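A.B. asks: I have a structure here, written as structure tokens, and I will follow up with some questions on it.
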């Protein structure tokens, strides 16, 4: 564990292209859980996913990069394709391709964690309710946090911490909006 902490600390003290792209990805990724519409949530996720794909490529974590790109394609499909079967076809295709890429780029536990996180995220993107999207993505964070610890992605871990925080805030806000006014007054 001390070696992992040293690597994470070094990542924040050394400015590299991976550092710069990771910082941008975190900034973009921190916004989406707070957005009010499904379209905006998924659109901003696409930009964050593409940015994290580049970050992971620069770190040499190719399975994670592929999972991020699959997620970006799913986000585009979820927002742009209204036909349910066509959208499902794109999702199924990205899942099949991501499984093949995981096998081709297999690096053990990090690959399994990235694949599982991506599968949960795919399920979240298919949801119609903003609250359910947030809940499923919260569950996917278990896998992404574990992955980012193993590959020493400092920005991935910052993103995970921010995502969990923003998802919880978004869930709380959504819950309060659905409660009777008496609950809102008591919560204030």
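A.B. asks: Just a yes or no: is a residue in the stretch 129-145 within 13 Å of the chain's Cα centre (by Cα), under 21 Å from residue 98 (Cβ atoms), assigned to a helix (DSSP H, G or I) and at pLDDT below 90?
C.D. replies: No, the stretch 129-145 has no match at all.
A.B. asks: Okay, moving on. Taking the stated definitions as given, is residue 119 in a helix (DSSP H, G or I), touching a helix residue (DSSP H, G or I) at 6+ places or on another chain (Cβ under 9 Å), surrounded by fewer than 21 Cβ atoms within 10 Å (Cβ to Cβ) and modelled with pLDDT of 90 or more? Before you say what the answer is, go through the steps one by one.
C.D. replies: On the way: in a helix (DSSP H, G or I): yes; touching a helix residue (DSSP H, G or I) at 6+ places or on another chain (Cβ under 9 Å): yes; surrounded by fewer than 21 Cβ atoms within 10 Å (Cβ to Cβ): yes; modelled with pLDDT of 90 or more: yes.
Answer is yes for this residue.
A.B. asks: Next question. Based on what the data block shows, is residue 69 surrounded by fewer than 17 Cβ atoms within 10 Å (Cβ to Cβ) and in contact with a helix residue (DSSP H, G or I) (Cβ under 6 Å, 6 or more places away or on another chain)?
C.D. replies: Working: surrounded by fewer than 17 Cβ atoms within 10 Å (Cβ to Cβ): no; in contact with a helix residue (DSSP H, G or I) (Cβ under 6 Å, 6 or more places away or on another chain): yes.
It is false that residue 69 is surrounded by fewer than 17 Cβ atoms within 10 Å (Cβ to Cβ) and in contact with a helix residue (DSSP H, G or I) (Cβ under 6 Å, 6 or more places away or on another chain).
A.B. asks: Pick out the one residue from 17, 33 that is at pLDDT 90 or above and either farther than 26 Å from residue 104 by Cα or surrounded by fewer than 23 Cβ atoms within 10 Å (Cβ to Cβ) (or both). Talk me through it step by step, then tell me what you get.
C.D. replies: Numbers: 33 fails: at pLDDT 90 or above.
Of the residues listed, the single one that is at pLDDT 90 or above and either farther than 26 Å from residue 104 by Cα or surrounded by fewer than 23 Cβ atoms within 10 Å (Cβ to Cβ) (or both) is 17.
A.B. asks: Give 153, 107 a once-over and let me know the one that is out of contact with any strand residue (DSSP E or B) (no Cβ under 6 Å at 6 or more places or on another chain), more than 20 Å from residue 35 (Cβ to Cβ), surrounded by 21 or more Cβ atoms within 10 Å (Cβ to Cβ) and touching a residue at least 12 places away in the same chain (Cβ under 8 Å).
C.D. replies: Working: 107 fails: surrounded by 21 or more Cβ atoms within 10 Å (Cβ to Cβ).
Only one candidate passes the filter, namely 153.
A.B. asks: Where residues in the stretch 49-65 are closer than 20 Å to residue 125 by Cβ and at pLDDT below 90, which of them is nearest to the chain's Cα centre (by Cα)?
C.D. replies: Checked the stretch 49-65; the qualifying residue nearest to the chain's Cα centre (by Cα) is 64.
A.B. asks: What are the residues in the stretch 72-87 that are surrounded by fewer than 14 Cβ atoms within 10 Å (Cβ to Cβ) and touching a residue at least 24 places away in the same chain (Cβ under 8 Å), if any?
C.D. replies: Correct list: empty.
A.B. asks: Looking at this structure, is residue 134 surrounded by 14 or more Cβ atoms within 10 Å (Cβ to Cβ) and free of Cβ contacts under 8 Å to residues at least 40 places away in the same chain? Break it down stepwise before answering.
C.D. replies: Details: surrounded by 14 or more Cβ atoms within 10 Å (Cβ to Cβ): yes; free of Cβ contacts under 8 Å to residues at least 40 places away in the same chain: no.
The answer is no for residue 134.
A.B. asks: Cβ-Cβ distance below 9 Å, separation of 6 or more or different chains: which pairs start in the stretch 7-26 with a residue that is farther than 16 Å from residue 162 by Cα and end on one that is at pLDDT below 80 and assigned to a helix (DSSP H, G or I)?
C.D. replies: From the stretch 7-26, the pairs are 18/11; 19/11; 19/12.
The values are calculated or read from the model by the stated rules, or taken from the named source; none is laboratory data. What you are looking at is a predicted structure, and each value in this text was computed from that prediction instead of being measured. Positions of Cβ are generated from backbone atoms using ideal geometry, with glycine treated the same way; all protein chains shown enter the neighbour counts.
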